[in-house]
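Worksheet: the structure to be examined is printed underneath.
The values are calculated or read from the model by the stated rules, or taken from the named source; none is laboratory data. Given the structure is predicted, the values throughout are model-derived calculations rather than measurements. Heads up, the Cβs are rebuilt from the backbone with ideal geometry, glycines too, and the neighbour counts pull from every protein chain shown.
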Amino acid sequence: MPPITLNRRAILALGGAFFLFLILSGAITNHVRPDLIQNHLPDSWRSKSNLPPPQQDPPAAAPPPKLDNGDPRQKWQEEIFPLAKAGKVPKINPKNIVKDNNLKTPLLIGFTRNWYLLEQAVVSYLAAGWPSSQVIVIDNSGVMDSNLRGLLTPKNPWYLNHTRLTQLGVSVKRTPTLLSFAQLQNFFINYAIEQDWGYYFWSHMDVVVLSKEYDTKNYKGLYEGAVDILRNALDERRHWALKFFAYDWLTLVNVEAMKDIGAWDTQIPYYMTDCDMYARLNMKNWTLDPVDVGHVYDVGSHLKDLAVLYPAEGQESELNTTRFNDLKIELERMMKEKQENKGASGRNYWQARQDGGQGEPFWRNPKGFERAINFWIEKGRELFRLKWDYGDCDLVQKGYKYGEEWTRG
């Protein structure tokens, strides 16, 4: 078969489309941005699931503290948790520890690149009370056993510190090869089936969670709130599919619902795959319910020292401290910085921050990797349109029914 060639005009047009797509898409987490999909939810879906966009409390009036340098191009920093490196992981607030809990709460966090954001997300969950034995990092870096054997260096985008995760009590499971977002979601489902879980939690690696410590009279840590949501969901015995804690930045998944609709469509690898998935769930009367147990911040940068996620020594049992309020302000700043970044890559700026590791096993050109991801994002959009003969997320509002895919074109 002769090679396919493009003329200069076609290349420029395709490049322009990719540039626009980078700005609009949620490529950094490999799926649709929550604010975009919310604008296209059908009215019937809104009334059924009452699904709002992720909300955070308004930022406090005080200026942000200097916990980070405030620059999306932040300087290289090889270690962001010096205490852990020295073997001294701080204690969490005992009020965040849930006692007498007989429910399993497996939390799957997928990783592809940028160890520092992953470590930050993991540590924030641990500090919020999530048992380390229930946190599982899914190594989707595509470097086979290179991270397990310690063959990559910290500047490599696909570097993952197994030693640190083991120290924190967190387990790691590797994917057999690099998976797309939709494939990774199905990997989660299959893993849950193998473990005989009827449900599981999953989270993005570029988030930071924080309990609502300012509510001192009715305080529940984020993990305790998640356990309550799970217990209530199991007691409801109704047709629920997903519990969104802040859109899908943290999600509780009902495995039976995923099996009922045939799981994620891996032919739509990234962008629009969640539009397809959530619409099909709704078409079969599975609910997608918003819940709120704490703050979930979507960030593209990391704190200078992750120890700030833990209480200060001697203040482990205290709530609403200066440390907590300064941290909350900083995380709000970091989230705003990500959402409003005006660079060429928009809110995706953190993905290409690391570019070292040349010559190490399975190394890829980071810029080329990003271009390839965006190529498949565009192809996924085309496939979505072919599948439904329609190109937007509001399938239910437009009257589409379950099983009508591939029948209208």
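If you go through segment 254-286 one residue at a time, how many are surrounded by fewer than 22 Cβ atoms within 10 Å (Cβ to Cβ) and of a type in the set (A, V, I, L, M)?
The total comes to 5.
Of all residues in segment 96-135, which are among the β-branched types (Val, Ile, Thr) and surrounded by fewer than 23 Cβ atoms within 10 Å (Cβ to Cβ)?
Ile97, Val98, Thr105, Ile109 - these are the residues of segment 96-135 that are among the β-branched types (Val, Ile, Thr) and surrounded by fewer than 23 Cβ atoms within 10 Å (Cβ to Cβ).
Take the conditions in a helix (DSSP H, G or I), farther than 30 Å from Trp406 by Cα and touching a Leu at 6+ places or on another chain (Cβ under 7 Å) and apply them to Leu230. Does it pass?
The answer is yes for Leu230.
Going by the conditions given, is Thr166 assigned to a loop (DSSP other than H, G, I, E, B) and surrounded by fewer than 23 Cβ atoms within 10 Å (Cβ to Cβ)?
Spelling it out, it is not the case that Thr166 is assigned to a loop (DSSP other than H, G, I, E, B) and surrounded by fewer than 23 Cβ atoms within 10 Å (Cβ to Cβ).
With within 22 Å of Thr216 (Cβ to Cβ) and assigned to a loop (DSSP other than H, G, I, E, B) as the only criterion, which of Asp326, Asp265, Asp292 stands out?
Exactly one residue qualifies, and that residue is Asp292.
Criterion first (closer than 26 Å to Phe181 by Cβ, touching a residue at least 40 places away in the same chain (Cβ under 8 Å), part of a loop (DSSP other than H, G, I, E, B) and among the small types (Gly, Ala, Ser)) does Ser146 satisfy it?
When the stated conditions are applied, Ser146 passes them.
Checking the condition touching a residue at least 24 places away in the same chain (Cβ under 8 Å), of a type in the set (S, T, N, Q), closer than 23 Å to Gly368 by Cα and in a loop (DSSP other than H, G, I, E, B), which residue from Thr153, Thr105 passes?
Thr153
I'm checking my understanding of the structure. Among residues of segment 392-409 that are of a type in the set (D, E, K, R) and closer than 16 Å to Asp274 by Cβ, which one is surrounded by the fewest Cβ atoms within 10 Å (Cβ to Cβ)?
Only one residue tops the list, namely Asp392.
Pull out all pairs, ordered by first then second residue, where Cβ-Cβ is under 8 Å, the residues are six or more apart or on different chains, the first lies in segment 231-253 and is at negative phi, and the second is part of a strand (DSSP E or B) and small (Gly, Ala, Ser).
Within 8 Å, the pairs are Trp249/Ser203; Leu250/Ser203; Thr251/Ser203; Val253/Ala241.
Any residue at all in segment 338-345 that's surrounded by 15 or more Cβ atoms within 10 Å (Cβ to Cβ), in contact with a Phe, Trp or Tyr (Cβ under 9 Å, 6 or more places away or on another chain) and at pLDDT 95 or above?
no
If we scan segment 336-344, do we find a residue that is farther than 16 Å from Leu117 by Cα, assigned to a loop (DSSP other than H, G, I, E, B) and of a type in the set (D, E, K, R)?
yes
So, in segment 256-296, how many residues would count as being under 19 Å from the mean Cα position of the chain (by Cα) and either over 30 Å from Ile329 (Cα atoms) or not acidic (Asp, Glu) (or both)?
Looking only at that region, the number is 23.
Conditions first: (1) among the charged types (D, E, K, R); (2) touching a strand residue (DSSP E or B) at 6+ places or on another chain (Cβ under 8 Å); (3) closer than 23 Å to Leu303 by Cα. Glu213 passes all but one, so which condition is the exception?
(2)
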